[in-house]
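Step one of this worksheet: look at the structure below.
The values are calculated or read from the model by the stated rules, or taken from the named source; none is laboratory data. Everything numeric in this text was worked out from a predicted model, so none of it was measured. Here the Cβ positions follow ideal geometry from the backbone for every residue, glycine too, while neighbour counts run over all protein chains shown.
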Amino acid sequence: MNMPASATVNNESCEDCSHYTERADTGWARREEVKKLIAIAGGKGGVGKSFLAVSMGIMLARQRYNTVIVDASFSSASVHQLLNIGVPKCSIQDYIENRITALNELLLACNVPNLQFIAGSPGTINTVNLGYHTKRRILRNIRKIDADYIILDLGPGHHYNHLDFFNQADIKIAVISPEPMAVQDGYNFLKVSLLRWLVSGFKHNRILSSILQDTCKTMSYNRAAPIQLLSERINDLGEPFIGQWSDRIRNYRPSLLVNQVRSQDDIRECLSLQYAAHDLLGLEFDKIDCIHYDPSIRTLHKNRRVDHFLTDNTVFAADIGRIIEQMILKTETPAPDFQLNFAAIDAFEALQEKGEKVCSVNCESWNSCCARNGGYPCRLLTFLNAE
């Protein structure tokens, strides 16, 4: 993989916010249309969601964006610890229990200029199991927070609260690690978040809503492709339902972030999830990127000094800078070369039918292949066979 060593400078100007157009050193320019709400989530705990959320928040703040990190796990607050803050004087629990009426009143400062945070709850019955109206109140008011970017650090799992906060965000980032169980949990999270997206989108469409509810109730827990099953039923209805269904799925484009990548084998784990999402869910990722493994991160994590690590000229800092440009600021920078080329997959499947199994320049997909390995057995065919 060819990873850029540092973030690319963008000196794009904005007519109404000229004070943002000049940034220190490797700064980014503010765009006219800033996507404010960023959700970072995943199916499994321990994949580094909170650490990445805090790292992105620090990096954005250092580029003079007013940034707020909301600890939205509701049961296991950790953002304040990563920012090296003691017991917060207030938390999201005060808003949930109506002791504070505006989320802006919960903003707490830290030792990074332009960065504030809202502390999570230590975990109570009221916060772990948010009522529907409480959740809707938070969702309605979270965009009123005074900031350029609001980063939601969501807890693990498939609870409706996590799914709804994730789906409401302008930029959705699902985090996995390369371990097989984490990849499987990541796929499951994407599957149920997409189903939740479809259910909420068609709640006022009596016919599609009925099909969704019936299928979700009757499908086996281990059913591999519920979206395929639903799509077959929608296709039987004809237009305009097919178009409405396809548009809704097409508009669901989360990004995928693979944490602690050490080898090409880890990249193949990422490819397997991308292939499964495309083939079984009809889901295309907006962006795919990775964070390389760095043994010093563990020490800094234990010492709660994320901000110190991001000041160094490290691979981790370069990775975070590139991810911000790719996934958040949407600048035109080189992307890591490990996304599947689905046209190439079709060609590979045709080769499989012919019995061709060796990677070579004779393959029509040689120039665009994401798994090129000349002279050796085709890795992508091996992967497809495993599916």
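Listed values, structure above:
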{"quantity": "Hits in the stretch 212-267 (condition: basic (Lys, Arg), within 21 Å of Gly43 (Cβ to Cβ) and modelled with pLDDT under 80)", "calculated": "Arg223"}
{"quantity": "Residues satisfying the stated conditions in the stretch 96-141, i.e. modelled with pLDDT of 90 or more, small (Gly, Ala, Ser) and surrounded by 17 or more Cβ atoms within 10 Å (Cβ to Cβ)", "calculated": "Ala119"}
{"quantity": "Cross-chain or 6+ apart pairs with Cβ under 7 Å, the stretch 140-152 first and without any contact (Cβ under 8 Å) to a residue 60 or more places away in the chain, then crowded, with 20+ Cβ neighbours inside 10 Å", "calculated": "Asn141/Leu103; Lys144/Leu103"}
{"quantity": "Condition broken by Val261, with the remaining ones in (1) among the β-branched types (Val, Ile, Thr); (2) outside the structural domain of Lys172 (by TED's automatic domain parsing); (3) surrounded by 20 or more Cβ atoms within 10 Å (Cβ to Cβ) satisfied", "calculated": "(2)"}
{"quantity": "Where Val199 falls short, out of the listed (1) in contact with a helix residue (DSSP H, G or I) (Cβ under 6 Å, 6 or more places away or on another chain); (2) closer than 23 Å to Met56 by Cα", "calculated": "(2)"}
{"quantity": "Count of residues meeting criterion [under 27 Å from Thr134 (Cα atoms) and either buried (at least 24 other Cβ atoms within 10 Å of the Cβ) or at pLDDT 90 or above (or both)] in the stretch 53-76", "calculated": "12"}
{"quantity": "Residue in the stretch 136-147 that is in a helix (DSSP H, G or I), in contact with a Phe, Trp or Tyr (Cβ under 6 Å, 6 or more places away or on another chain) and more than 26 Å from Lys330 (Cβ to Cβ) present", "calculated": "no"}
{"quantity": "Enumeration of residues in the stretch 148-168 that are modelled with pLDDT of 90 or more and part of a helix (DSSP H, G or I)", "calculated": "Leu163, Asp164, Phe165, Phe166, Asn167, Gln168"}
